Amino acid sequence: MTVPPDLRLSAQRALLGAVSHKVRLIKVRRDGDAITMTTIVAEPLDNEAGEALSFAATEIIADFPDCQIREHLIVSVDKLPRENLFEHGWVYQRREVG
């Protein structure tokens, strides 16, 4: 199921200026009243970068007051998943060479 455009746009707006250079991928999805924001990072985030993402999650949930948000942070340098960008709600991908 494709992630609704209003959720993707809300996430993109909320993430403006909040994405650290360590972030490789951010995606969002909604299952009923639960929104999940998954962030893949190349290395652990410092407090400031982590708080910026949490603040962005708060902004997303403000657009969907009937929902709760879960934040998942994954530290990985493995290849990014090959999946349908719209179905899986990709809202940010860092440029990676190689």
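The values are calculated or read from the model by the stated rules, or taken from the named source; none is laboratory data. Quick caveat, the model's predicted, so the values are computed rather than measured. Every residue, glycine as well, gets a Cβ built from its backbone with ideal geometry; the counts of neighbours run over all protein chains shown. Side chains included, ligands, DNA and RNA excluded: accessible areas come from the protein's heavy atoms. Shrake-Rupley method; radii C 1.70, N 1.55, O 1.52, S 1.80 Å.
The accessible-area ordering, largest first, of the residues Val75, Val91 stands as Val75, Val91, per a 1.4 angstrom probe. Each principal axis of the chain carries a Cα extent, and these read 39, 30, 18 Å when sorted largest first. Taking amide H atoms as placed 1.01 Å from N in the peptide plane, the amide H of Arg24 lies under 5 Å from those of Ile40, Val41, Ala42, each 5 or more residues away in sequence or on another chain. Report summary: the helix-based calculation at 222 nm, which adds -39500 (n - 2.57) for every DSSP H run with n ≥ 4 and divides by the residues of the chain, gives -9000 deg cm²/dmol. Short-range pairs are left out: with C-alpha atoms under 8 Å and at least six residues apart, the relative contact order of the chain is 40 percent. For the chain, the list of trypsin sites (Lys or Arg not before Pro) that fall in a loop by DSSP and count at most 11 other C-beta atoms within 10 angstrom reads Lys79, Arg82, Arg95.
Among Leu53, Leu45, Leu16, the largest mean-square fluctuation in a Gaussian network model of the chain, built with springs joining Cα atoms closer than 10 Å, belongs to Leu16.
For the chain, modelled as a GNM whose springs connect Cα atoms under 10 angstrom apart, the maximal fluctuation among Val77, Val28, Val19 occurs at Val77. Compared with the dominant principal axis of the Cα atoms in the chain, helix 47-62 is inclined by about 20°.
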